[in-house]
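Okay, structure first, notes after.
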Amino acid sequence: MPATGKNDLLKLIRNGEPMTLGQQLNLTVQLSIPSILAQLSSILMQFIDASMVGSLGAEASASIGLVSTTTWLFMGLCSAAATGFSVQVAHLLGAKDPESARSVLRQALSTVITFSLILTAIGCAISGPLPGWLGGGESILGDASGYFLIFILSLPAMQLNVLGSGMLRSSGNMKIPSILNIMMCFLDVIFNFFLIFPTRDISIFGMDIRAPGAGMGVEGAALGTALAMAVTASMMLYYLCFRSQELDIAHHKGSFRLTSKCLKNAVGIGIPMGLERVIMCGAQIMSTVIVAPLGTVAIAANSFAITAESLCYMPGYGIADAATTLVGQSIGARRKELTWRFARITVFMGMAVMAVMGVVMYIAAPAIIGIMTPVPEVTELGASVLRIEAFAEPMYAAAIVCYGIFVGAGSTLVPCIMNLGSIWAVRLSIAAVLAPAHGLKGVWIAMCIELCFRGTIFLIRLFRKKWMDKI
């Protein structure tokens with residue numbers, strides 16, 4: 001009887017056994033769907049925060065939107081640090097060496113905890129002046145600073161959650177990270193409900209209820225997310241260290257001391273990724289600086305549109321996670337042809353899914369933005385720029401999934417350089433020219449052009465196959 005279960009199909013990769021096209025597609029879908037759900041839950045959590053805070057008015061929304069790109073920078077650095085180790089685990093498990101994979105996990109835990117604490121210290125130091133550096137108006141500086149400070153204090157929990165998710169995905173376990181990240185979304189709603197709003201009377205199923213609340217506003221949104229993250233990270237680490245079939249370190253003795261070989265591999269993968277995150281988020285911060293002088297409505301609309309677009313491109317990131325696992329384990333098993341087949345399957349699947357999502361986003365743009373804000377001017381502007389971006393979604397998918405493929409191959413330096421050239425030379429230069437004349441729409445036109453260009457150059461690199469030379 002042919003293998004159809006995820007674990008059985010992964011064993012075919014590790015054991016060097018042949019796989020039919022149907023089995024390859026089946027495995028890709030089985031790994032992609034849970035990861036897509038996890039990615040969507042993450043963005044849904046931001047969507048919930050934006051919607052709840054949006055009910056407080058445009059200034060509250062703008063205070064979060066102002067610092068959002070900087071929060072992405074810190075999250076990106078945490079992700080890069082974790083990926084430097086999780087890719088090694090994927091390769092080792094593909095080579096059927098679980099003991100070495102567990103050793104890498106131990107070293108990852110000790111390293112990323114230290115790294116996240118350093119980032120937390122830096123973030124706390126800049127939390128006060130940051131909103132002013134980004135060009136925020138006087139009326140939103142206090143809320144923006146408070147939101148960022150609470151976010152940065154939750155960074156160690158976020159780092160451990162990212163590491164746990166990445167390690168489990170590298171082992172082929174997409175289900176547990178998905179379930180826990182979806183749970184985090186529900187926890188965020190519950191915590192926000194009590195922290196953002198003051199004590200108030202609400203009606204549920206026709207019954208009038210007095211709901212207690214802390215009335216913390218913007219800072220309550222940050223605290224709610226932080227608490228949800230802490231609970232989820234604890235459960236993620238418990239499953240990873242105690243229950244994972246491949247990576248259970250609680251019942252296997254070993255050292256947490258970092259070795260030179262593991263560090264060299266982690267640095268080789270993680271440093272380019274970290275630089276790529278700095279470059280990308282630095283560019284996004286520059287975009288914020290370009291948008292900030294356009295006013296509170298533009299800042300809020302830009303923030304809401306970015307959050308709404310995330311609902312469209314997160315499936316691409318979910319498929320990219322599956323691509324990283326499939327390519328990483330195929331390379332670990334020294335199966336070059338299978339690596340190439342999985343690369344093609346995932347990139348075309350990502351482009352197809354995001355093309356459909358782009359159509360949905362274009363049609364539903366006013367409704368999506370309208371959920372997050374009651375302000376008509378913000379809704380109208382946010383929907384108009386979201387529709388501009390819809391045309392770039394297929395090529396954005398190509399860039400996202402190709403990047404996941406290259407990460408799985410441990411090839412991260414060249415993609416970093418490509419992102420650098422694309423976003424700084426194309427997006428920001430065009431945005432700087434169009435923004436004065438066309439406002440926020442000009443910024444998003446520049447983004448659309450750049451994403452199409454980036455997708456094109458990533459596809460060119462994919463089909464040249466030079467990233468496969470080390471197999």
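Brief remarks on what is shown
- Within the stretch 367-440, helices (runs of 4 or more DSSP H) holding 3 or more residues that are of a type in the set (D, E, K, R) and surrounded by fewer than 24 Cβ atoms within 10 Å (Cβ to Cβ): 376-390
- Pairs linking a residue in the stretch 115-140 that is in a helix (DSSP H, G or I) to a residue that is among the acidic types (D, E), with Cβ atoms under 7 Å and 6 or more positions apart or on different chains, are S139/E59; I140/E59.
- Any chance L109 is under 22 Å from M216 (Cα atoms) and surrounded by fewer than 21 Cβ atoms within 10 Å (Cβ to Cβ): no
- Condition check for D8 on (1) over 30 Å from P131 (Cβ atoms); (2) modelled with pLDDT under 75: one failure, at (2).
- Restricting the stretch 79-106 to residues that are touching a Phe, Trp or Tyr at 6+ places or on another chain (Cβ under 8 Å) and of a type outside the set (D, E, K, R), the residue that is surrounded by the most Cβ atoms within 10 Å (Cβ to Cβ): L105
- In the stretch 317-349, of all residues being assigned to a helix (DSSP H, G or I) and basic (K, R), the one that is farthest from I33 (Cα to Cα) corresponds to K336.
- Inclusion of L56 among residues that are outside any helix (DSSP H, G or I) and either of a type in the set (D, E) or touching a residue at least 40 places away in the same chain (Cβ under 8 Å) (or both) is warranted.
- Criterion applied to S310, S303 was being in a helix (DSSP H, G or I), surrounded by 24 or more Cβ atoms within 10 Å (Cβ to Cβ), modelled with pLDDT under 85 and polar (S, T, N, Q), and the one residue passing it is S303.
- Flag if I371 is under 30 Å from V443 (Cβ atoms) and under 23 Å from the mean Cα position of the chain (by Cα): yes
- When R334 is tested against (1) over 18 Å from Y313 (Cα atoms); (2) touching a residue at least 60 places away in the same chain (Cβ under 8 Å); (3) in contact with a helix residue (DSSP H, G or I) (Cβ under 7 Å, 6 or more places away or on another chain), exactly one condition is not met: (3).
One line per residue, one yes/no per condition, for (1) at pLDDT 85 or above; (2) in a helix (DSSP H, G or I); (3) over 13 Å from the mean Cα position of the chain (by Cα); (4) closer than 24 Å to G137 by Cα:
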site: D49; (1), (2), (3), (4): no, yes, yes, yes
site: G65; (1), (2), (3), (4): no, yes, yes, yes
site: A80; (1), (2), (3), (4): yes, yes, no, no
site: F85; (1), (2), (3), (4): yes, yes, yes, no
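- Positions within the stretch 244-262 being more than 19 Å from G328 (Cβ to Cβ) and in contact (Cβ under 8 Å) with a residue 60 or more places away in the chain, in sequence order: D248, I249, H252, G254, S255, F256, R257, L258, T259
- Count of the stretch 441-451 residues which are crowded, with 19+ Cβ neighbours inside 10 Å and either of a type outside the set (V, I, T) or without any contact (Cβ under 8 Å) to a residue 12 or more places away in the chain (or both): 7
- Residue within the stretch 241-257 that is assigned to a helix (DSSP H, G or I) and among the acidic types (D, E) present: no
The values are calculated or read from the model by the stated rules, or taken from the named source; none is laboratory data. Keep in mind it's a predicted model, so treat the numbers as computed, not measured. All Cβ positions, glycine included, derive from the backbone under ideal geometry; neighbour counts span all protein chains shown.
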